[in-house]
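The next block holds one structure in the form of structure tokens; read it before the comments.
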Amino acid sequence: MTTETNAPQATEEGRFTIQLEQREGFEINVAFDWKRAADLLMDEPPPLGGTNGPNASRLLAAAVGNCLSASLLYCIGKEEPPDQSLRTEVTCVMVRNEKKRLRIGSMEVRLIVAPALLESKRFERCKTLFEDFCVVSASVRAGIPMKVLVLDEAGNLLHQSD
């Protein structure tokens, strides 16, 4: 089940599909499945692109940071966490693998909590629980099975990953 609004939900089960379309060069427009969610322009750093939007590595870092932030805020504040009570920084270390391909080698996520969260009765309990409820970071840590298909515009399968 996907949602049609930006209203927060504790769970989202089932499937969702987002649409990506190349504009020019390495600029890719991302259209989300929520009607009120604005499109996002992605790009690559030079020499490929012009950094006119975040690249995939930065979006992955943002997704991990956002999910952990939302999990902590939800655990402590449920539907109404205190405003401006959390800042999150995500640092990615880029490395080359044995084939010299660039990869995200590691991530460090720093959640900086304001007194409004620290003083919460739930903070002590939540600080040990919230990570387990973050869909994105838990999925990245465990590895996500992925199937990749290449099709022509008529829908003919040109390639499928193993």
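Taking Ile104, is it part of a loop (DSSP other than H, G, I, E, B), among the aliphatic types (A, V, I, L, M) and within 16 Å of the chain's Cα centre (by Cα)?
no
From the set of residues in segment 27-70 that are among the acidic types (Asp, Glu) and exposed (fewer than 14 other Cβ atoms within 10 Å of the Cβ), which is nearest to Ile104 (Cα to Cα)?
Asp39
Take segment 29-84 and flag every residue that is of a type in the set (Asp, Glu), free of Cβ contacts under 8 Å to residues at least 24 places away in the same chain and more than 25 Å from Val140 (Cα to Cα).
Glu80, Asp83 - these are the residues of segment 29-84 that are of a type in the set (Asp, Glu), free of Cβ contacts under 8 Å to residues at least 24 places away in the same chain and more than 25 Å from Val140 (Cα to Cα).
With the structure loaded, tell me whether Ile112 is touching a Pro at 6+ places or on another chain (Cβ under 9 Å), farther than 19 Å from Glu12 by Cα, among the aliphatic types (A, V, I, L, M) and outside the structural domain of Glu21 (by TED's automatic domain parsing) or whether it fails that test.
Answer is no for this residue.
Would you check which residues across segment 144-162 are assigned to a loop (DSSP other than H, G, I, E, B) and not acidic (Asp, Glu) and list them?
Scanning segment 144-162 gives Ile144, Pro145, Met146, Lys147, Val148, Ala154, Gly155, Asn156, Ser161.
Restricting to segment 137-148, count the residues that are surrounded by 10 or more Cβ atoms within 10 Å (Cβ to Cβ) and free of Cβ contacts under 8 Å to residues at least 40 places away in the same chain.
Here the count works out to 3.
Would you check which residues across segment 17-26 are in a loop (DSSP other than H, G, I, E, B) and either hydroxyl-bearing (Ser, Thr, Tyr) or loosely packed, with under 11 Cβ neighbours inside 10 Å (or both) and list them?
Thr17, Glu24, listed by residue number.
Would you mind telling me which numbered condition in (1) in contact with a Ser or Thr (Cβ under 6 Å, 6 or more places away or on another chain); (2) closer than 20 Å to Leu59 by Cβ Phe133 fails?
(2)
The values are calculated or read from the model by the stated rules, or taken from the named source; none is laboratory data. Remember, it's a predicted structure, so these values are computed and weren't measured experimentally. Ideal geometry is used to build each Cβ from the backbone, glycine not excepted, and the neighbour counts take in all protein chains shown.
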